[in-house]
Structure formats: structure tokens, C-alpha cells
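Working notes, beginning with the structure itself.
The values are calculated or read from the model by the stated rules, or taken from the named source; none is laboratory data. Nothing here was measured: the structure is a model prediction, and the numbers come from that model. Backbone-built Cβ (ideal geometry, glycine too); neighbour counts: all protein chains shown.
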Amino acid sequence: MHHRSQRFAFTRLIPALCAVSLIVTACGFHLRGVRQLSPEISVIYLSSANSNSLLVRYLRQQLQASGAQVTKTRDEALSVLEILVDSVNRRVLSVGSTGKVREYELHYVVTYRVLGADGKKILPRRELAISRVILFDETDVLGKTNEAGLVRREMQQDLARMIMRQLELASA
């Protein structure tokens with residue numbers, strides 16, 4: 001009897017899944033994949049005051065994953081992604097009764113632009129900024145320091161994805 005009820009549930013599940021997939025695809029939904037960048041951005045040089053920053057590394061990885069060739073020199077590229085500002089600031093949000101910091105905000109700002117090999121603007125200067133609040137526990141300084149580093153890396157990954165989305169939109 002148990003085997004029969006499983007088969008009955010399974011035979012009802014298949015039509016339901018087919019109906020859901022039909023509805024979802026009919027409304028235009030599709031999984032987000034990697035979009036190809038336009039030909040003028042597909043061979044690109046990354047320019048930054050700190051070429052070893054994690055943001056630049058994340059951008060390089062994402063550009064390569066999208067099929068772009070990231071060149072080692074500016075002369076080889078069809079376009080240049082210039083990171084003009086790459087900065088993190090920390091601001092105290094609250095202080096406890098003992099005068100010690102209880103929470104602070106990390107604010108990450110990136111300003112960039114994309115130029116063609118001829119110097120013409122492909123994407124004008126744009127600024128992206130994100131913030132995260134971090135609670136500070138004076139009894140767990142090492143753990144909170146590690147957490148702040150992790151949050152900062154996540155912010156860099158988020159900003160790299162945001163830049164890539166804008167490059168993809170410019171390519172559409």
C-alpha cells in the first residue's frame with residue numbers, strides 16, 4: 001500500500017512540475033547566466049592604483065568568466081576599465097556606556113569608467129557605494145576583526161558584480 005501511494009504522489013508531481021515550468025518560461029523567466037560583453041569591451045585592460053586589490057582580482061575573474069580577455073598591457077586592449085577610487089571608510093555608529101565602540105559602519109566606494117582604445121568614453125565616470133553595519137564585541141576582538149575582514153571581502157565581491165552588471169547592460 002505504501003508503494004502505491006508513493007507512485008500516486010510521483011505521478012501527480014510530474015504534471016505539476018511541467019505546469020510550473022510552462023508558466024515560468026511563458027512569462028519570460030530564465031536563469032541568469034553569463035552574458036557576453038560587447039566586442040569593444042571583450043578585450044579589456046584593468047587600470048587601478050592598486051592592481052593587487054581584491055576588487056581588481058574579483059573583477060578580473062568575472063571578466064574572464066564572461067569570456068573577456070583581460071590584457072596585461074593597455075596597448076593590447078580595445079578598452080580600459082579604470083578604477084579611479086577604491087576606498088573603505090569606517091564610521092562609529094554607537095558607543096556603549098563605557099565609551100567603547102558598540103557598532104560601526106563600513107562604507108565602500110568605487111568610482112570607475114570605461115574608455116575605448118582611442119580614449120572615447122564607453123561608460124562615463126560612475127560611482128558605486130555600499131555600506132554594512134558591524135556590531136563590535138570587546139570580549140571577542142579577534143572574532144570581530146575576522147568578521148570585518150570577511151564583510152569587506154563580501155563588499156568587494158558585491159561591487160565587482162555591480163560593475164559587471166553595468167558592463168553587461170552597456171553591451172546589450
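Descriptive notes on the structure:
- Among (1) at pLDDT below 90; (2) surrounded by 12 or more Cβ atoms within 10 Å (Cβ to Cβ) - the single one S51 does not satisfy: (2)
- From the options S47, S97, residue that is in a strand (DSSP E or B) and either within 16 Å of L167 (Cα to Cα) or not aromatic (F, W, Y) (or both): S47
- Residue satisfying condition, being within 21 Å of L55 (Cβ to Cβ), surrounded by 13 or more Cβ atoms within 10 Å (Cβ to Cβ) and touching a residue at least 60 places away in the same chain (Cβ under 8 Å), within set I163, I83: I163
- Selection status of R60, in a helix (DSSP H, G or I), on the phi < 0 side of the Ramachandran plot and at pLDDT 90 or above: yes
- One residue stands out among those in the range 108-127 that are surrounded by 15 or more Cβ atoms within 10 Å (Cβ to Cβ) and closer than 23 Å to M155 by Cα: the one that is modelled with the lowest pLDDT, which is L123.
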